[in-house]
Amino acid sequence: MKILYLDQNKWIELARGVKSPDNFPSQYAVVETLVREAKAGNIVIPLTFANLYETQKIGNIERRKHLAWVQSTLSQGKVFRGRHERLRVEVTDVLRKVYSLQMHHRERHWFLSNVFFEAQCEAADPRLPPISDRVVEAIEQSPARCMYEYLAGISEETRTIGVGRFSNGAATVLEGIEKRRALVANETMEFRKRAMSARLLIDELDLINSLIIQANIPESDWERLKETACLRVVEDCPTYFIEREIGVRIEALDRRIVENDLRDMQSFCAVLAHADIVVAEKLFSNLATQAGLDKKYGTTIKPDLYSLPALVAAA
């Protein structure tokens, strides 16, 4: 089974084909291929948090319902897990490898979930209000239906508040990025990479410390381990490595970074190391291939939706 990721613009194109096959025959032909291959168990097409958020952001209820139906049906309610859970797994594995501890067994597709909100946070994440096991089990039994009902049935008040909070948070992040860009504007790419590696580690020190404790590593070895592991964490954790490699390149562009760039970055960090095929807009596709991420992770990256039937058939 191959894993396929589509960015939001590609989903919108597919939704047009489903709604109006006669007007969008090329898009509909892609939909037919994906449905056939998904039914045969040859592909799975999970969503990311950015997909869910951008669908939720649509104010026109009929448009949102139609897109939500296409996404939830084709994805069957599957999502790529959120950044915090991926880092928990990735950093833990690096720490245990550095300290020569037995590695944890991971399911082959540990990075996928049938619970739609785990695209952001795990059900047991302490940052969320308590969620009963019965609720999680109900979602796991009908992941596509629950995803659709969430996206299509959310109240306008809740939707507006959620979108506003995300945009406010993104504005704060963007302000920090622009300040950092000014500081390293005349530095080499190598210096920028080192600076971003240091920032990523500093931002996640609490997480790294907590994972060292969970790994049952003797307290007397913590400092030595952190010194050793810090040299490898960014290089060996796909989420960090992808964020650094694309981040330094987009910050080098001669334009302001916008909120949509943050969402694209979130998605690429979630999918590049795990998807077999990524179909996304040209800018991030080009940045990823320039960084050699397609070769590093064995991922086919394309900006063209219409190449999908051949790619899926070849897979």
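General observations
- Total residues in the range 279-292, condition in a helix (DSSP H, G or I), in contact (Cβ under 8 Å) with a residue 40 or more places away in the chain and either in contact with a strand residue (DSSP E or B) (Cβ under 8 Å, 6 or more places away or on another chain) or of a type in the set (S, T, N, Q) (or both): 2
- With respect to the conditions (1) under 19 Å from F49 (Cβ atoms); (2) more than 22 Å from the chain's Cα centre (by Cα); (3) of a type in the set (A, V, I, L, M), A152 falls short on a single one, namely (2).
- Selection within the range 251-275 - buried (at least 19 other Cβ atoms within 10 Å of the Cβ) and either polar (S, T, N, Q) or outside any helix (DSSP H, G or I) (or both): Q266, S267, L272, A273, H274, A275
- Out of V35, V89, V31, V44, sole residue that is over 19 Å from D276 (Cα atoms), out of contact with any Asp or Glu (no Cβ under 7 Å at 6 or more places or on another chain) and either crowded, with 22+ Cβ neighbours inside 10 Å or among the aliphatic types (A, V, I, L, M) (or both): V89
- Any chance D276 is within 16 Å of K2 (Cα to Cα), within 19 Å of the chain's Cα centre (by Cα) and touching a residue at least 60 places away in the same chain (Cβ under 8 Å): yes
- Of the residues in the range 162-183, not one is in contact with a Cys (Cβ under 6 Å, 6 or more places away or on another chain) and either of a type outside the set (S, T, N, Q) or assigned to a helix (DSSP H, G or I) (or both).
- Some residue of the range 48-57 being closer than 29 Å to R81 by Cβ, more than 21 Å from the chain's Cα centre (by Cα) and modelled with pLDDT under 95: no
- Looking across the range 279-315 at every residue that is under 20 Å from E13 (Cβ atoms) and of a type in the set (D, E), the one that is farthest from the chain's Cα centre (by Cα) is identified as D304.
- Any chance F117 is of a type outside the set (K, R), in contact with a His (Cβ under 9 Å, 6 or more places away or on another chain) and closer than 20 Å to L52 by Cα: no
- Cβ-Cβ contacts under 6 Å between residues 6 or more apart (or on different chains), taken from a first residue in the range 96-116 that is exposed (fewer than 13 other Cβ atoms within 10 Å of the Cβ) to a second residue that is modelled with pLDDT of 80 or more, are listed as M103/R96.
- Set G162, G176, G153: member being modelled with pLDDT under 90, under 30 Å from E137 (Cα atoms), of a type outside the set (V, I, T) and out of contact with any Phe, Trp or Tyr (no Cβ under 7 Å at 6 or more places or on another chain): G162
- Of all residues making up the range 62-92, the number that are free of Cβ contacts under 8 Å to residues at least 24 places away in the same chain and either over 19 Å from the mean Cα position of the chain (by Cα) or farther than 26 Å from G169 by Cα (or both): 2
- Helices (runs of 4 or more DSSP H) completely within the range 1-98 that count 3 or more residues being farther than 13 Å from L308 by Cβ: 8-19, 49-56, 61-75, 83-98
- Across the range 118-134, the qualifying residues are those that are without any contact (Cβ under 8 Å) to a residue 12 or more places away in the chain and of a type outside the set (K, R), and the one among them that is surrounded by the fewest Cβ atoms within 10 Å (Cβ to Cβ) is P129.
- Positions within the range 44-61 being within 27 Å of A313 (Cα to Cα) and either without any contact (Cβ under 8 Å) to a residue 40 or more places away in the chain or touching a Cys at 6+ places or on another chain (Cβ under 6 Å) (or both), in sequence order: none
The values are calculated or read from the model by the stated rules, or taken from the named source; none is laboratory data. Quick caveat, the model's predicted, so the values are computed rather than measured. Note that we place each Cβ from the backbone using ideal geometry, even for glycine, and neighbour counts take in every protein chain shown.
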